[in-house]
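S.K.: Take this structure, written in structure tokens, and hold onto it; I'll ask about it next.
Each reported figure results from applying straightforward, stated rules to the coordinates on display, with no laboratory input. This structure is a prediction, so every number in the text was calculated from the model and none was measured. All Cβ positions, glycine included, derive from the backbone under ideal geometry; neighbour counts span all protein chains shown.
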Amino acid sequence: MKNQSAPSLQPLIGGIIAALIVLIGFNSFVIINPGQAGVLSILGKAQNGALLEGLHFKPPLISNVDIYDVTVQKFEVPAQSSTRDLQELSASFAINFRLDPVRIVDIRRKQGTLENVVSKIVAPQTQEAFKIAAALRTVEEAITKRAELKEDFDNALNARLEKYGIIVLDTSVVDLTFSPEFARAVEEKQIAEQRAQRAIYIAREAEQQAQADVNRAKGKAEAQRLLAETLKAQGGTLVLQKEAIEAWREGGAPMPKVLVIGGKEGAGAVPFLFNLGNVGDLVKQ
């Protein structure tokens, strides 16, 4: 009986040994795919040197590999700050970043998971960078010079995250809002500016109209002066009076409906004209 049971255990033991060898073999290697980086830990202690893409050996059973995504990550982070003129300014930033593969071991030791990196590093440093950028200008300048605000924010954020092994690729301002009090002040200022511009337009229009009236008056006076000089040069008053007297003396000409009476001789006055027909109508009445 003993001789029969002993040979029956050998295949079982051999199978167990083979399974252990296969298990150990599979646990002795790790594959790091493109866009990933690994951190090897032996008995819970992170080893120096990041595992980049490719096949890597690791001690079986006593080691573990933490794999990190080092491709571009995007997170929206809110931020609040006070401007130089003590106005409240709120913003929301979209941060595009990636982890530095070479420094992934240091990230593993100090920060742990990617979620910890975002919550403990990216979010608070975004808040601090925004405070630095916003404090350099007034709230009106933050709105009208938005590109400069973003540039200052990017510089501050890059300087702060770089030391943690976080590479900032791009940022964008998703939303920028200010207090309701400032919104009302902006609206009132715009209304005042529109009224001021309207008043300036009306004043300029009145000035132009007045200048046009002056020009028309000067033109009319100049025309009257030229007419008077022309009549005077041609014996104006004396000629008209002489022609009227001669017509009446001859008796062949009808009584003129318009009588011309000159001013004082040599005074250069304009002749006075009136309609004799109106006089006749008055006499009949």
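S.K.: Summing Lys, Arg as +1 and Asp, Glu as -1, what charge do residues with Cβ under 12 Å from the Cβ of Ser92 carry, Ser92 excluded?
M.R.: Numbers: positive: none; negative: Glu76, Asp175.
Taking every other residue near Ser92 into account, the sum is -2.
S.K.: For Ala147 and Lys110, compute 0.36 nm times the residue count separating them, minus their Cα-Cα distance, and round to one decimal in nm. Walk me through the numbers on the way to the answer.
M.R.: Numbers: separation 37, 0.36 × 37 = 13.32 nm, distance 3.42 nm.
Residue separation times 0.36 nm, minus the Cα-Cα distance, leaves 9.9 nm.
S.K.: What FRET efficiency would be calculated for the residue pair Val22, Ala46, taking the C-beta separation as r and a Förster radius of 35 Å, to the nearest 0.05? Walk me through the intermediate numbers first.
M.R.: Values: r = 28 Å, r/R0 = 0.80.
Between Val22 and Ala46 the formula returns 0.80.
S.K.: In nm, to one decimal, how far is the modelled label at Asp175 from the one at Lys220, with both set 7 Å along Cα→Cβ?
M.R.: That separation, rounded to one decimal, is 6.6 nm.
S.K.: Oh, and also: What FRET efficiency do you get for Ala94 and Val65 if R0 is 41 Å and r is their Cβ-Cβ distance, rounded to the nearest 0.05? Numbers along the way, then the final one.
M.R.: On the way: r = 31 Å, r/R0 = 0.77.
About 0.85, to the nearest 0.05.
S.K.: Between Phe93, Asn155, Ile104, whose Cα lies farthest towards the positive end of the dipole of the range 78-162 when Lys and Arg beta carbons carry +1 and Asp and Glu beta carbons carry -1, centred on the Cα centre?
M.R.: Ile104
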